[in-house]
Amino acid sequence: ISVCDESSAERCPVFPGITQRLHWSFDDPGLLQGSGEERIEETRRLRDRIALRIREWGGELESSGLIPKE
């Protein structure tokens, strides 16, 4: 899973042997503007969006039967 968008995928790391690549587009926290506190808050929002997307993906895997439900 890469968190860069498809247009930036050529700069994303390559992991040999992976059969499926998922690109989840999120803003680059290194490019955030504003005061230090504003950048921290936006980084936290990005973190929370990534965590939510991971939970959703886990639910998708459970629903498809690829991983067992807890």
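I need a count of the residues in segment 41-70 that are among the hydrophobic types (A, V, I, L, M, F, W, C), more than 18 Å from F26 (Cβ to Cβ) and in a helix (DSSP H, G or I).
Going through segment 41-70 one residue at a time, the tally reaches 1.
For a quick check of your reading of the model, give me the residue pairs whose first member lies in segment 53-68 and is of a type in the set (V, I, T), whose second is surrounded by 10 or more Cβ atoms within 10 Å (Cβ to Cβ) and part of a helix (DSSP H, G or I), with beta-carbon atoms closer than 9 Å and at least 6 apart or on different chains.
Cβ pairs passing all conditions: I67/G58; I67/L61.
Do we have W24 as surrounded by 10 or more Cβ atoms within 10 Å (Cβ to Cβ), at pLDDT 80 or above and touching a strand residue (DSSP E or B) at 6+ places or on another chain (Cβ under 9 Å) here? Don't jump to the end; show me each part of the working.
Values: surrounded by 10 or more Cβ atoms within 10 Å (Cβ to Cβ): yes; at pLDDT 80 or above: yes; touching a strand residue (DSSP E or B) at 6+ places or on another chain (Cβ under 9 Å): yes.
When the stated conditions are applied, W24 passes them.
The values are calculated or read from the model by the stated rules, or taken from the named source; none is laboratory data. Nothing here was measured: the structure is a model prediction, and the numbers come from that model. Glycine gets a Cβ as well: all are built from the backbone with ideal geometry, and neighbour counts include every protein chain shown.
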